[in-house]
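Notes for the one structure printed next.
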Amino acid sequence: ALPRDLVGRRVVVSAGGTREALDPVRFLGNRSSGRQGYALARVAAQRGAHVTLVAAHTADLADPAAVDVVRTGSARDLRETMLAAVKGADVVVMAAAVADFRPVALAEHKIKKGSADPEPLQLTTNPDILAELVREREPGQVVVGFAAETGDESGDVLQHGRAKLARKGCDLLVVNAVGDGKAFEMPDNAGWLLGADGTETELPTGSKALLASRVWDVVAPRLS
Ligand code: C5P
C-alpha cells in the first residue's frame, strides 16, 4: 500500500509544454508530454495530498483521479496561474517544460506565404517562473524544480544540475538526462534528486510513477 504521508498537504504541480503563439494558427512548442508531472500529481493524491495540476500542452492524458486540473497555454499564462495556485501550498513542483523564448510579436492574422523569404523570427525571453516562485515562496513551502540536461557522461549532467539548483534557488531539483530517446515522450525516466542541503538521491530507471514515488519519499519528511 502507498504511504499516506501527504494527508492534509496542499501540492501544486505544473506539467506539459508551453506553446508560444506566432499567429492564430502557429506556435513554438516543445516535446514535453506532461507524463512526469501527471504522475507526480497522481501519486501525491494517492498519498493523501490535495493536488492542483497546472497543465500546459500535453499528450492525450486522462486527468488523474481526485486532482484539480487547470489548463494553461503560454509561459505567461502558466506564470499567472501558478502564482495564484501556490498561495498556501506546502509543495510546488515545476515539472512543466516552459519555453525560454517567445515571439516578440503575435500576428493578428495568419502569416502569409509571399514570393520573398520571411523576416527572421524575433524572440524575447520569457519570465523564469521557477525563480519567481522561489523568490515569493511562503515560509516552509518546499519548491522543486526539474532540469532536463544533455551530456555524454552522467558527470556532466550532474554538474549542470548542481549549478542549476544553485542558480534557481529551489530546495530540490530533479535532474534527468534527455536526448537520445531519453525522458521526453518516453514512459520511463531516471536521474537524480539534488537537495540544496547537498543531498543526492539516485532515481533509478523506471516508470514515471516510480520516479514520482521516489520524489515524494524525499519531499514528505521535509514538510514541517
Ligand atoms: O533553466 P531550465 O529551463 O533548464 O530550468 C528548468 C526548470 O525551470 C524547470 O523546473 C522549469 O519548469 C522551470 N522553468 C521556469 N520558467 C522558465 C524556464 C524554466 O519555471 N521560463
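The values are calculated or read from the model by the stated rules, or taken from the named source; none is laboratory data. No experiment lies behind these values; they were computed from the predicted model shown. Cβ placement follows ideal geometry from the backbone for every residue including glycine, while neighbour counts extend to all protein chains displayed. Protein only, heavy atoms only, side chains kept; ligands, DNA and RNA dropped before computing areas. Shrake-Rupley method; radii C 1.70, N 1.55, O 1.52, S 1.80 Å.
Scanning the range 47-63 for residues that are β-branched (Val, Ile, Thr) and over 23 Å from Met186 (Cα atoms), we see that the one that is surrounded by the fewest Cβ atoms within 10 Å (Cβ to Cβ) is Thr52. Considering Ala99, Ala75, Ala116, the condition of being over 13 Å from Glu20 (Cβ atoms) and either among the small types (Gly, Ala, Ser) or touching a strand residue (DSSP E or B) at 6+ places or on another chain (Cβ under 6 Å) (or both) is satisfied by Ala116 alone.
Among the residues of the range 132-154, those that are modelled with pLDDT of 95 or more and open to solvent by less than 30 Å² (accessible area, probe 1.4 Å) comprise Glu132, Leu133, Val134, Gln141, Val142, Val143, Val144, Gly145.
Any residue in the range 64-86 that is open to solvent by less than 80 Å² (accessible area, probe 1.4 Å) and within 19 Å of Asn189 (Cβ to Cβ)? Yes, the conditions are met somewhere in the range 64-86. Against the condition under 21 Å from Arg26 (Cα atoms), of a type in the set (Asp, Glu) and either modelled with pLDDT under 95 or open to solvent by 40 Å² or more (accessible area, probe 1.4 Å) (or both), how does Glu108 come out, does it pass? Considered against the rule, which asks whether it is under 21 Å from Arg26 (Cα atoms), of a type in the set (Asp, Glu) and either modelled with pLDDT under 95 or open to solvent by 40 Å² or more (accessible area, probe 1.4 Å) (or both), Glu108 comes out as yes. Within the range 118-164, work out how many residues are part of a loop (DSSP other than H, G, I, E, B) and away from the ligand (no atom under 16 Å from the Cβ). Qualifying residue count for the region: 10.
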